[in-house]
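What follows is a single structure, written as C-alpha cells, with notes after it.
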Amino acid sequence: MLFGETMKKMISVKASNREIMDICKELSKMDIDCSIESKSIYTEEKSKDISNLRIKIYGYDKNKIMENYKNIMDLVNRIHKKYNPSPKGLFEYRLSDIKYPINKNLILDALKSLKINYIYKEDENLIKCSLSFDEFNAILKELHDINTELSFVNVGSKPVRNIIVLVAYFTKKDIEDIIDECIEKEFFRIEKDKIVLNKDINLIKKHFLNE
C-alpha cells in the first residue's frame, strides 16, 4: 500500500512549565502522531516559568490532521484556563479532570458556604470560580479525606453524606460527634440500621454553619 507525502501542522503557544507537563501527560493518552518541543523565554516582561511550546502534528489525511489539531487546541485551552484566570478573575475546572472524586453538589455547597464567587455550567460539567488551582484542590482534598473517613459509617443517602462532610469541613468536629448531635437534635434518625434525614437539610446548615 502506497502512502502520499506526510503532512504536518504546527501549534505554537506560550505556556507555563506546569501547563506543558499537563499537556504532555494528556497527549500521551491520545492516539495522535505528534512531536513536542519547548524553549524557555527569558525576558523582563515574562516569568522564567513561561516557555514557547511547539506541537507538530503529522499524518497523511488532511481531515484527520485538522481533527487532531482541533482536539489539541481544545486541550491546550482547557489546561490554560485551569491555571490562568479570565478577565473576570475566574479559573475554569472541568469536573471530569479534578484530581479528587467529589460529588458535584458537595463541591458547590462548599463553595457557596465559603462565599466563593463561582459559576456552574451544567451542560459542560465545569465550574468557574475565583480559587486558584492549588486553593481549589486543597479544599477538594480535605472534603475527599472526610468523605473517605465517612465510608465506614452506614449513611443512607448522598445528601446525608454530603451534609456530614460539609459540617465536618467547616466545624472541624469529629464525624461521630456530628452524627450524634444530629440524631439528638432529630435532624437524623436511624432507619433499618442506616442514618437517614429526618428534617429539612437547611435546618442542619443553619444549626452548624449559621446559614
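The values are calculated or read from the model by the stated rules, or taken from the named source; none is laboratory data. Bear in mind the structure is a predicted one, so any value in this text is a computation, not a measurement. Counting neighbours? That spans all protein chains shown, and the Cβs are built from the backbone with ideal geometry, glycine included. Heavy atoms of the whole protein, side chains included, go into the accessibility calculation; ligands, DNA and RNA do not. Shrake-Rupley method; radii C 1.70, N 1.55, O 1.52, S 1.80 Å.
Scan segment 186-197 for residues that are open to solvent by 40 Å² or more (accessible area, probe 1.4 Å) and either of a type in the set (Val, Ile, Thr) or at pLDDT 95 or above (or both) and jot them down. Within segment 186-197, Glu186, Ile190 meet the criteria. Out of segment 143-163, which residues are in a helix (DSSP H, G or I), surrounded by 14 or more Cβ atoms within 10 Å (Cβ to Cβ) and of a type in the set (Val, Ile, Thr)? Within segment 143-163, Ile146, Val160, Ile163 qualify. Scanning segment 164-182 for residues that are more than 15 Å from Leu114 (Cβ to Cβ) and open to solvent by less than 60 Å² (accessible area, probe 1.4 Å) turns up Ile164, Ile175, Ile178, Ile179, Glu181, Cys182. If Leu140 satisfies every condition in (1) in contact (Cβ under 8 Å) with a residue 40 or more places away in the chain; (2) in a helix (DSSP H, G or I); (3) open to solvent by 80 Å² or more (accessible area, probe 1.4 Å) but one, which is the exception? Of (1) in contact (Cβ under 8 Å) with a residue 40 or more places away in the chain; (2) in a helix (DSSP H, G or I); (3) open to solvent by 80 Å² or more (accessible area, probe 1.4 Å), only one is false for Leu140: (3). Can you say whether Lys64 is open to solvent by 70 Å² or more (accessible area, probe 1.4 Å), within 30 Å of Ser151 (Cα to Cα), basic (Lys, Arg) and free of Cβ contacts under 8 Å to residues at least 40 places away in the same chain, as far as the supplied structure shows? No; evaluated as a whole, the condition is false for this residue. How about segment 122-136: which of its residues are exposed (fewer than 14 other Cβ atoms within 10 Å of the Cβ) and of a type in the set (S, T, N, Q)? Selection gives Asn125 alone.
Would you confirm, using the coordinates I've provided, whether Leu140 is within 22 Å of Val160 (Cα to Cα), out of contact with any helix residue (DSSP H, G or I) (no Cβ under 8 Å at 6 or more places or on another chain) and assigned by the TED database to the domain that holds Lys173? For Leu140, the condition - within 22 Å of Val160 (Cα to Cα), out of contact with any helix residue (DSSP H, G or I) (no Cβ under 8 Å at 6 or more places or on another chain) and assigned by the TED database to the domain that holds Lys173 - is not met. Go through (1) under 30 Å from Cys129 (Cβ atoms); (2) assigned by the TED database to the domain that holds Ala15 for Lys88 and report which single condition fails. Evaluating Lys88 over (1) under 30 Å from Cys129 (Cβ atoms); (2) assigned by the TED database to the domain that holds Ala15 leaves (2) as the failure.
State yes or no: is Cys24 on the phi < 0 side of the Ramachandran plot, out of contact with any helix residue (DSSP H, G or I) (no Cβ under 9 Å at 6 or more places or on another chain) and surrounded by 13 or more Cβ atoms within 10 Å (Cβ to Cβ)? Spell out the reasoning first.
Values: on the phi < 0 side of the Ramachandran plot: yes; out of contact with any helix residue (DSSP H, G or I) (no Cβ under 9 Å at 6 or more places or on another chain): yes; surrounded by 13 or more Cβ atoms within 10 Å (Cβ to Cβ): yes.
So Cys24 fits the description; yes.
I'd like to check something: does segment 126-137 contain any residue that is aliphatic (A, V, I, L, M) and assigned by the TED database to the domain that holds Leu27? Within segment 126-137, not a single residue is aliphatic (A, V, I, L, M) and assigned by the TED database to the domain that holds Leu27. The selection criterion, being surrounded by 14 or more Cβ atoms within 10 Å (Cβ to Cβ) and either touching a residue at least 60 places away in the same chain (Cβ under 8 Å) or not in a helix (DSSP H, G or I) (or both), does not hold for Leu108.
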